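The values are calculated or read from the model by the stated rules, or taken from the named source; none is laboratory data. Worth saying up front: this structure is predicted, and the values here are computed from it rather than measured. Positions of Cβ are generated from backbone atoms using ideal geometry, with glycine treated the same way; all protein chains shown enter the neighbour counts. Heavy atoms of the whole protein, side chains included, go into the accessibility calculation; ligands, DNA and RNA do not. Shrake-Rupley method; radii C 1.70, N 1.55, O 1.52, S 1.80 Å.
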Amino acid sequence: MKKVLVLFVIAIAFFYTGLIACTDILAGKMATVDGSVICSQTVDGTYDSRILIQPAADHEPGSMTPVWEWIVYADRRPLEKLGEIPQVEHTYQYFLTSYPFGNEKGLLMGETTLGGARATANSPEAIMTVEQLQAFALQRCTTAREAILLMGELAEEYGYRESCNLGECITIADGKEAWVFEIYGVGPLWKPGEGPGAVWAAQRVPDEHISAVVNYSMIGEIDPETKRPPAVPEEDFYISDNYLDTAIELGLYDPASGEPFVWKYVYGNIEGKWSSRLWRIFSTLNPSGNWSYEKTDDYPFSVKPDELVSVYDIIELYRDVMTGTPADMEANEAWLYEYRGEMRKSGLASPQPGSEFRNLLGIPYVRTIAVQSTSCFFINQTRDWLPPEIGAVSWFGLGNSHKAVVVPLFCATTSVPESWTTINRGDSKINRDDAFWAFYTVDRLSGVRYQDMMPRVDAVRKPLQERIFEVQPAIEATALELYKTDRDLAVEFLTSYVSSLMIEVEEAYWDLADSLILRLP
């Protein structure tokens, strides 16, 4: 009877339609040109893109704090309280959006959903979604290691709960280290107090390496004796004690088979599955690796880049649409037509064609790093030789990363323009009081006649972005001088600078949108 019930609940899970869509890239401090540690994320899908700055706070000893569901959709649906946990006496300021991404101490995060084995479908009594785990970690922790242990502990005690898909990954950077944290449920029959309510593992990205997680588990073989991957130092890996027992209980692994325990196959269920984005990232940053385009499920956890990377290199990689590769949809011959005896490319040709164009022209879909469905994206840069107020920056953008400008959001920023704190993706019309719609409108309009309009987008985007990059060292140097005598004045200066940039970029994109309307066919 128990087995029948498990199969019934798992069968229901097949109807689950959560979007698998985010891309995270990481870099260790010796893999970057200046010693920065980097993690990042595209929030792909219709999620809450508001930047809500939650202030630091003191709390009464013995008080409780709520555990919420629907943080990812909080722009358009009310939060639902699932339970409570004990509050701590002090919580840090942090950025709350669909997936919380940074705090005032310089702890920064990204998130990407993972598929996973169906048997890990969570119990209805589990209450800890990944975004709530992120929020608690950012409220309470200052380092990646602290965050990993806290999130693992909370998920085990209160149960990991799916919000977008079966498995989840959090990428973390703290100025010294970059980490990948993966988590899954333990099956639909779990109850509080009956053993751990989650299975999880975390692996450190070597200082001289880059890594990427693209809705695709990356943690590999686990040695049952050492409980870590071969050749990985003990201090660079964490794993829940129940990882093996849970896999056996759920029928995901048989020790008698003699097969190695490969985490990404057992829990991640990626064996035989392919990722165009993983190939693109590894091939771009480590071209000497001659990475197979057809098979990616055996790629290593991380790799040393051929050349040191900068945060600006990673930002540009997030604009990538597979140009010049076998996955380049803009280069498909279906866009060509004959005109007066010569072949021409249609003005409609795009590297991000909608399903109508693809279906009409027979263009196979390949998932690119930059997609039209992105709500927001951020490239997190942390530097431990600077105060976190200055050294920790989230390069934040709204909408399609192929076309948007990123703004340096310093982690101690205390406010942003109101238009960056409001959005309701459930609205059926554009609201010019919300910054998101400026970038969304430019993206949608330029997608109609890409060949004509994309150069016009670049004519606005590139000079803006280049100027922001060029003045960044001077802004940071000024802030550092202020910080030496008055920390609050430095934070006020940075907050004012960030707000002015956000307003300037938003206005530029509204003007661009108005001009693109006149270019429609």
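Just need a number here: residues in the range 408-417 that are small (Gly, Ala, Ser) and either closer than 23 Å to LEU464 by Cα or exposed (fewer than 14 other Cβ atoms within 10 Å of the Cβ) (or both). Show your work before the answer.
Let us first name the residues in the range 408-417 that are small (Gly, Ala, Ser), namely 412, 415.
Checking which are either closer than 23 Å to LEU464 by Cα or exposed (fewer than 14 other Cβ atoms within 10 Å of the Cβ) (or both) leaves us with 415.
So the answer is 1.
I need a count of the residues in the range 108-150 that are of a type in the set (S, T, N, Q), in a loop (DSSP other than H, G, I, E, B) and surrounded by fewer than 24 Cβ atoms within 10 Å (Cβ to Cβ). Working first, answer last.
Taking the range 108-150 first, the residues of a type in the set (S, T, N, Q) are 112-113, 120, 122-123, 129, 132, 134, 139, 142-143.
Then drop every residue that is not in a loop (DSSP other than H, G, I, E, B), which leaves 122-123, 129, 142-143.
Applying the additional criterion that residues be surrounded by fewer than 24 Cβ atoms within 10 Å (Cβ to Cβ) yields 123, 142-143.
Count: 3.
Check GLU157, GLU153, GLU182 and return the single one that is in a strand (DSSP E or B) and not aliphatic (A, V, I, L, M). Show your work before the answer.
Numbers: GLU157 fails: in a strand (DSSP E or B); GLU153 fails: in a strand (DSSP E or B).
Within the list GLU157, GLU153, GLU182, the selection yields GLU182.
Mind listing whichever residues of the range 469-491 are more than 27 Å from the chain's Cα centre (by Cα), within 23 Å of VAL405 (Cα to Cα) and either free of Cβ contacts under 8 Å to residues at least 12 places away in the same chain or open to solvent by 70 Å² or more (accessible area, probe 1.4 Å) (or both)?
ALA474, ALA477
Is it the case, given these coordinates, that PRO224 is closer than 28 Å to GLY258 by Cβ and open to solvent by 10 Å² or more (accessible area, probe 1.4 Å)?
Yes; evaluated as a whole, the condition is true for this residue.
Looking at the range 143-163, can you tell me whether even one residue there is in contact with a Ser or Thr (Cβ under 6 Å, 6 or more places away or on another chain), small (Gly, Ala, Ser) and under 19 Å from ARG383 (Cβ atoms)?
no
Could you tell me whether the range 349-368 includes any residue that is modelled with pLDDT of 95 or more and within 19 Å of the chain's Cα centre (by Cα)?
yes
Just the residues that are open to solvent by less than 40 Å² (accessible area, probe 1.4 Å) and hydroxyl-bearing (Ser, Thr, Tyr), please, taken from the range 418-459.
Matches in the range 418-459: SER419, THR421, THR441, SER446, TYR450.
Does the range 105-124 hold any residues that are acidic (Asp, Glu) and at positive phi, and which are they? Step through it out loud before you land on a result.
Taking the range 105-124 and keeping what is acidic (Asp, Glu), we get 111.
Across the range 105-124, there are no qualifying residues.
In the range 308-364, how many are open to solvent by less than 70 Å² (accessible area, probe 1.4 Å) and on the phi < 0 side of the Ramachandran plot?
Here is the first cut: in the range 308-364, the residues open to solvent by less than 70 Å² (accessible area, probe 1.4 Å) are 309-311, 314-315, 317-322, 325, 327-332, 334-335, 341, 346-355, 357-358, 361-363.
Next cut, on the phi < 0 side of the Ramachandran plot only: 309-311, 314-315, 317-321, 325, 327-332, 334-335, 346-355, 357-358, 361, 363.
Of the residues in that region, 33 qualify.
Among the residues of the range 272-304, count how many are over 30 Å from PRO224 (Cα atoms) and not in a helix (DSSP H, G or I). Explain how you work it out, then say what you get.
Step one: list which residues in the range 272-304 are over 30 Å from PRO224 (Cα atoms), which gives 276-277, 280-281, 283-288, 290, 293-294.
Filter again for not in a helix (DSSP H, G or I), leaving 286, 290, 293-294.
Qualifying residue count for the region: 4.
Can you say whether ASN400 is modelled with pLDDT under 95 and in a loop (DSSP other than H, G, I, E, B), as far as the supplied structure shows? Show your work before the answer.
Details: modelled with pLDDT under 95: no; in a loop (DSSP other than H, G, I, E, B): yes.
So ASN400 does not fit the description; no.
Only one of (1) in contact (Cβ under 8 Å) with a residue 40 or more places away in the chain; (2) surrounded by fewer than 17 Cβ atoms within 10 Å (Cβ to Cβ); (3) aliphatic (A, V, I, L, M) fails for VAL405. Which number is that?
For VAL405, the exception is condition (2).
Can you list the strands (runs of 3 or more DSSP E) lying wholly within the range 20-90 that have 2 or more residues being of a type outside the set (A, V, I, L, M) and buried (at least 20 other Cβ atoms within 10 Å of the Cβ)?
37-44
Name the single residue that is farthest from ALA202 (Cα to Cα) among those in the range 281-296 being in contact with a Leu (Cβ under 9 Å, 6 or more places away or on another chain) and either polar (S, T, N, Q) or open to solvent by less than 40 Å² (accessible area, probe 1.4 Å) (or both). Give the steps one after another, and end with the answer.
Kept after step one, since they are in contact with a Leu (Cβ under 9 Å, 6 or more places away or on another chain), are these residues of the range 281-296: 281, 284-285, 291, 296.
Narrowing further to those that are either polar (S, T, N, Q) or open to solvent by less than 40 Å² (accessible area, probe 1.4 Å) (or both): 281, 284-285, 296.
On the way: ILE281: 21, THR284: 25, LEU285: 23, THR296: 21 Å.
Taking the candidates together, the pick is THR284.
Mind checking which residues of the range 410-468 are among the charged types (D, E, K, R) and assigned to a helix (DSSP H, G or I)? Even if it seems obvious, please write down each step before you answer.
Of all residues in the range 410-468, those among the charged types (D, E, K, R) come to 418, 425, 427, 429, 432-434, 443-444, 449, 452, 456, 458, 461-462, 466-467.
Matches in the range 410-468: GLU418, ASP443, ARG444, ASP452, ARG456, ASP458, ARG461, LYS462, GLU466, ARG467.
For the range 205-214, how many residues are buried (at least 24 other Cβ atoms within 10 Å of the Cβ) and in contact with a Lys or Arg (Cβ under 9 Å, 6 or more places away or on another chain)? Give the steps one after another, and end with the answer.
Step one: of the range 205-214, the residues buried (at least 24 other Cβ atoms within 10 Å of the Cβ) are 205, 210-214.
Then keep just the ones that are in contact with a Lys or Arg (Cβ under 9 Å, 6 or more places away or on another chain); that gives 210, 212, 214.
So the count comes out to 3.
Applying the selection to the range 245-271, what residues are part of a helix (DSSP H, G or I), without any contact (Cβ under 8 Å) to a residue 60 or more places away in the chain and surrounded by fewer than 19 Cβ atoms within 10 Å (Cβ to Cβ)? Give the derivation first.
Of the range 245-271, the ones part of a helix (DSSP H, G or I) are 245-249, 255-257, 263-266.
Those left that are additionally without any contact (Cβ under 8 Å) to a residue 60 or more places away in the chain: 245, 247-248, 255-257, 264-265.
Of everything in the range 245-271, those that are part of a helix (DSSP H, G or I), without any contact (Cβ under 8 Å) to a residue 60 or more places away in the chain and surrounded by fewer than 19 Cβ atoms within 10 Å (Cβ to Cβ) turn out to be ASP245, ILE248, PRO255, ALA256, SER257.
Suppose we filter GLY35, GLY28, GLY116, GLY110 for residues that are at pLDDT below 95 and out of contact with any helix residue (DSSP H, G or I) (no Cβ under 9 Å at 6 or more places or on another chain); which single one remains?
Just one listed residue meets the conditions, GLY116.
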